[in-house]
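The values are calculated or read from the model by the stated rules, or taken from the named source; none is laboratory data. No experiment lies behind these values; they were computed from the predicted model shown. Glycine gets a Cβ as well: all are built from the backbone with ideal geometry, and neighbour counts include every protein chain shown. Surface areas here come from the heavy atoms of the whole protein model, side chains and all, with no ligands, DNA or RNA. Shrake-Rupley method; radii C 1.70, N 1.55, O 1.52, S 1.80 Å.
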Amino acid sequence: MICCLMFCTAAAAASEILILQSHDSMPYQQTLAGFQAGLAHSRLEAVYRTLILSNEQDVLNPLSRQAEIKLTLALGTPATRAALAGVAGTPIVAGLVLDADELNRNPQVTGVGLNFSADLQWLWLRRLLPDARQIAVLYEPRQGSVLLRELQKLALVEGITLTRAPIGAAADLPAMMQNLPPQLDALWVVDGASAYSAAAVRELLLYSFRNRVPLIGLSAQWVKAGALYALDWDYWDLGAQLADLAADILLKGIPPAALPPRAPRKVRAVLNLKTAEHMKLRIAERWLPELSEVIP
């Protein structure tokens, strides 16, 4: 079933853009608002058709008949896959995609992934946990192995030990936790949001607090629940980045294949001060102004 189908009347000169969303939660709304504001700033006249996807298969036939659509904005991995299957020949700009490597496999699509670079993640680790020497890195083995190898290179330079802790699904968590080294300075979750249920996150937080091992989470929500810190996204700016790509395609005629997928250009570093105090960690004052949010 497809819900929330909205058609707008198009001006003759306006570019018609299909917005295909996996969900309609706040991050999607903020990303879309940033996209529309960015396109307005570029002086591109656009009208929008919005589809909120509840069933990937249902959207294929309606999409394949939208010959007047000049570009599709796909928000979320299911929406991106549905767009690739159902919108033949139309440029696609994709956002809120966890595995940006998927965007490299089709010349019809470009976009902005959710992956922060290894260098950026390492920078914040060394800022907030400069004394950590033994770190377990939790990663999704199907998509996080490249990131892990990049982090291991950075760790080697500084003589830091990173222990591999692959998590492909929440069911893998108990066995992984039993095999953790006895002495750890941090648990670092670097990717694989889909592998963590609410119960899995609670188990990680319990381990963290019982053993006084700081947990580096995947989002601000993890930090609010008790993780030490996380790198979160500026969804409005993600939308503005997507608008830049759309303007390059629609105004400059650049094909998606000539626009490599991008990483987020802004990061929101979020810190839980109460957790830092519980872990007896001292956060250097010079980094506090760099934080986007400090949870007391």
Q. When the helices in the chain are scored as -39500 (n - 2.57) per DSSP H run of 4 or longer and the sum is shared across all residues, what 222 nm value do you end up with, to the nearest 500 deg cm²/dmol?
A. -10500 deg cm²/dmol
Q: Give the cross-link partners of residue 153 among the lysines, using a straight C-alpha distance below 25 Å as the criterion and excluding same-chain residues fewer than 8 apart.
A: 266
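Net charge around residue 235, counting only other residues with Cβ within less than 12 Å of its Cβ (Lys, Arg = +1; Asp, Glu = -1)? Each step should come with its number before you reach the end.
Values: positive: 266, 268; negative: 232, 234, 237.
With Lys, Arg at +1 and Asp, Glu at -1, the neighbours total -1.
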Q: With θ set to phi - 60°, apply the Karplus curve 6.51 cos²θ - 1.76 cosθ + 1.60 along region 279-296 and write out the HN-Hα couplings as whole Hz, x wherever there is a Gly or Pro.
A: 7, 6, 9, 9, 8, 4, 4, 5, 8, 4, x, 7, 6, 7, 8, 10, 8, x
(Q) Quick check: the angle from helix 235-252's long axis to the longest principal axis of the chain, C-alpha only, nearest 10 degrees? (A) 40 degrees
Q. Taking R0 as 22 Å, what's the FRET efficiency between residue 180 and residue 133 from their Cβ-Cβ distance, rounded to 0.05?
A. 0.90
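Given the chain, what percent of its DSSP beta bridges are antiparallel, to the nearest 5?
Taking every DSSP beta bridge within the chain, about 15 percent pair in antiparallel fashion.
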Q | Heavy-atom accessible area order for 267, 294, largest first, 1.4 Å probe | A | 294, 267
**Q.** Vicinal HN-Hα couplings computed from phi for region 188-201 (Karplus, 6.51 cos²θ - 1.76 cosθ + 1.60; Hz; Gly/Pro x)
**A.** 10, 8, 9, 6, x, 4, 5, 7, 10, 7, 4, 5, 5, 5
Q: Would you pull out the residues with amide H under 5 Å of residue 16's amide H, same chain only if 5 or more places away, H placed 1.01 Å from N?
A: 47, 70
Q.
Quick check: from the Cα gyration tensor, does region 136-192 come out rounded (a/c under 1.5), prolate or oblate?
A. oblate
(Q) Shape verdict for the chain, please, from the Cα gyration tensor: rounded (a/c under 1.5), prolate (a/b greater than b/c) or oblate. (A) prolate
Q. How high is the FRET efficiency between residue 120 and residue 45 when r is their beta carbon distance and R₀ equals 22 Å, given to the nearest 0.05?
A. 0.05
(Q) Give me, ordered by chain and number, the residues 5 or more places off residue 197 or on other chains with an amide H under 5 Å from its own placed amide H. (A) 170
**Q.** Label-point separation, residue 142 to residue 88 (7 Å along Cα→Cβ), nm
**A.** 2.8 nm
Q.
With a 1.4 Å probe and all protein chains kept in place, how much accessible area does residue 124 have, in Å² rounded to the nearest 10?
A. 10 Å²
Q: Keeping all protein chains in place, calculate the accessible area per residue for the chain (probe 1.4 angstrom), answer in Å².
A: 47 Å²
Q. Rounded to a whole number, what % of the accessible area of region 147-205 do carbon and sulfur atoms account for, probe 1.4 Å?
A. 54 percent
Q: Would you mind telling me which residue in 87, 146, 157 has the biggest mean-square fluctuation in a Gaussian network model of the chain, where springs connect alpha carbons within a distance under 10 angstrom?
A: 157
(Q) Under 10 Å, Cα contacts only: if you run a Gaussian network model on the chain, which one of 164, 105, 212 comes out with the highest mean-square fluctuation? (A) 105
Q) Long-range amide H contacts for residue 111: which residues qualify at under 5 Å (H placed 1.01 Å from N, peptide plane, sequence gap of 5 or more or a different chain)? A) 94, 262
(Q) Let me make sure I get this right: for region 145-258, a, b and c are the square roots of the gyration tensor eigenvalues over alpha carbons, sorted descending. Under 1.5 in a/c it's rounded, otherwise prolate if a/b > b/c, else oblate. Which is it? (A) prolate
(Q) I want to verify a result. In a Gaussian network model of the chain, Cα cutoff 10 Å, which of these has the top mean-square fluctuation: 245, 180, 73? (A) 180
Q: Arrange the residues 254, 160 by how much accessible surface each exposes, largest first, with a 1.4 angstrom probe.
A: 254, 160
Q) Between residue 224 and residue 252, 0.36 nm times their residue separation minus their Cα-Cα distance comes to what? A) 5.8 nm
